Amino acid sequence: MGDSSGSVSIDMEAMSLGGQEHLVETTYGPVCVAVCGDPDKPALITYPDVALNYMFSFQGLLFCPEASSLLLHNFCIYHISPIGHELGAPVIGVDAPLLSADDLADQIVEVLNYFGLGAVMCMGVTAGAYILTLFAMKYRQRVLGLILVSPLCQAPSWSEWLCNKVMSNLLYYYGMCGVVKELLLKRYFSKEVRGNAQVPESDIVQECRRLLCERQSTNVWRYLEAINGRVDLSEGLRKLQCRTLIFIGENSAYHSEAVHMTTKLDRRYGALVEVQGSGSLVTEEQPQAMVIPMEYFLMGYGLYRPTQSVSPRSPLSPTRISPELLSPENMGLKLKPIKTRLAL
């Protein structure tokens with residue numbers, strides 16, 4: 001890919017999202033970051049789920065015209081891939097130490113420092129949402145707000161821990177085999193798009209299956225081990241005073257986890273949007289459902305106001321999002337498939 005001193009080669013898929021890839025050397029190893037947009041704008045960083053990278057976790061959202069216009073108009077996006085998850089990544093050597101979730105959160109600080117970024121907006125999916133929440137708890141001054149999709153915040157349940165261990169062992173000894181792919185697809189998508197004997201898989205599932213075949217199984221195993229060893233963040237969430245917008249698919253395996261997280265957040269700063277007919281990867285299954293809630297969320301920062309002049313590098317407005325703005329009536333008929341649940 002290149003060295004950490006500057007830009008690296010750009011592949012055609014990165015070009016389709018307007019991204020320029022950089023390889024950033026950190027204390028924990030090299031990490032690939034794809035930068036999309038004007039670097040003079042406020043920064044939005046993203047972090048994907050296990051076995052995914054930004055190409056699949058966020059391309060549905062960024063290919064949605066309304067969402068793409070909203071995000072790229074207001075932000076420069078820095079897509080951070082977990083170590084070894086970028087396209088064409090080599091296998092991480094067996095002698096490289098296993099990283100914990102804390103290590104991955106600490107690595108983000110080094111990425112921000114490399115690009116000269118101050119406080120940033122964060123968007124993460126499932127495991128990536130956990131890493132960014134942990135980052136926000138450890139480095140509060142570096143986070144403006146959180147947009148979390150099907151987030152994790154508790155330690156794994158016994159059933160999740162066991163399922164992850166099965167995947168870990170299969171990845172370690174047999175690679176990205178059929179069983180692992182099916183378990184991961186179930187993690188990401190609702191039954192409706194995964195198909196069955198009568199209904200074929202949707203295009204997004206077929207594309208994801210192809211992507212998984214290209215993953216380096218040892219690298220995926222490392223990320224999965226890190227997230228399976230995560231600790232419970234529930235008690236610290238009340239002190240997390242950055243505003244947090246949570247999306248959860250009603251068919252997500254982590255639905256109860258997202259509801260639990262919302263109840264633990266300070267109700268002044270958190271809101272939950274439930275998206276009907278979607279699994280965990282709302283950004284791919286129902287990206288259009290995220291647009292209006294994100295518009296209201298960004299309004300609370302003084303963004304998405306065309307007439308307002310804001311210095312791109314200055315802190316954004318501290319006024320908080322009003323939970324009433326996320327009511328079905330205020331969100332309009334366009335989002336009828338969405339139910340909202342506010343912090344209890």
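The values are calculated or read from the model by the stated rules, or taken from the named source; none is laboratory data. Computed from a prediction, not measured in an experiment: that's the story for all the values here. Cβ placement follows ideal geometry from the backbone for every residue including glycine, while neighbour counts extend to all protein chains displayed. The area values use the complete protein model at the heavy-atom level, side chains included, leaving out ligands, DNA and RNA. Shrake-Rupley method; radii C 1.70, N 1.55, O 1.52, S 1.80 Å.
Structure notes:
- Of the residues Ser252, Leu281, Gly229, the one whose Cα sits farthest towards the positive end of the charge dipole of the stretch 212-294 is Gly229 (charges of +1 on Lys and Arg Cβ, -1 on Asp and Glu Cβ, taken about the Cα centre).
- Once backbone amide H atoms are built at 1.01 Å from N, Ser280 has Phe189, Ser190, Ala253 as its partners under 5 Å, excluding neighbours fewer than 5 places away on the same chain.
- Couplings for the stretch 260-267, taken from phi via the Karplus curve 6.51 cos²θ - 1.76 cosθ + 1.60 with θ = phi - 60°, read 4, 4, 4, 5, 8, 6, 4, 4 Hz in order; Gly and Pro are left as x.
- Overall, the accessible surface of the stretch 119-173 at a probe of 1.4 angstrom is composed of carbon and sulfur to the extent of 59 percent.
- Residues of type aspartates and glutamates that Lys264 reaches as a straight line, Cα spacing below 14 Å, ignoring anything fewer than 8 places off in the same chain: Asp232, Glu235
- DSSP-loop GluC sites (Glu not before Pro) across the stretch 207-289, with at most 14 other Cβ within 10 angstrom: Glu214
- Distance between the pseudo-spin-label points of Tyr172 and Ser157 (7 Å out from Cα toward the beta carbon): 2.5 nm.
- Heavy-atom accessible surface of the stretch 193-232: percent carbon and sulfur, 1.4 Å: 50
- Averaged per residue, the stretch 131-216 has 50 square angstrom of accessible surface, using a 1.4 angstrom probe with ligands and nucleic acids left out.
- Residues Leu98 and Ser234, FRET efficiency given R0 of 25 Å [Cβ-Cβ distance, rounded to 0.05]: 0.50
- Using the Cβ-Cβ distance between Phe115 and Glu192 with R0 = 41 Å, the FRET efficiency computed as 1/(1 + (r/R0)^6) comes to roughly 0.55.
- Per DSSP, loop trypsin sites (Lys or Arg not before Pro) in the stretch 225-288 with at most 15 further Cβ within 10 Å: Arg238, Lys239, Arg267, Arg268
- With K and R counted +1 and D and E -1, the other residues having a Cβ less than 13 Å from that of Arg215 yield a net charge of +1.
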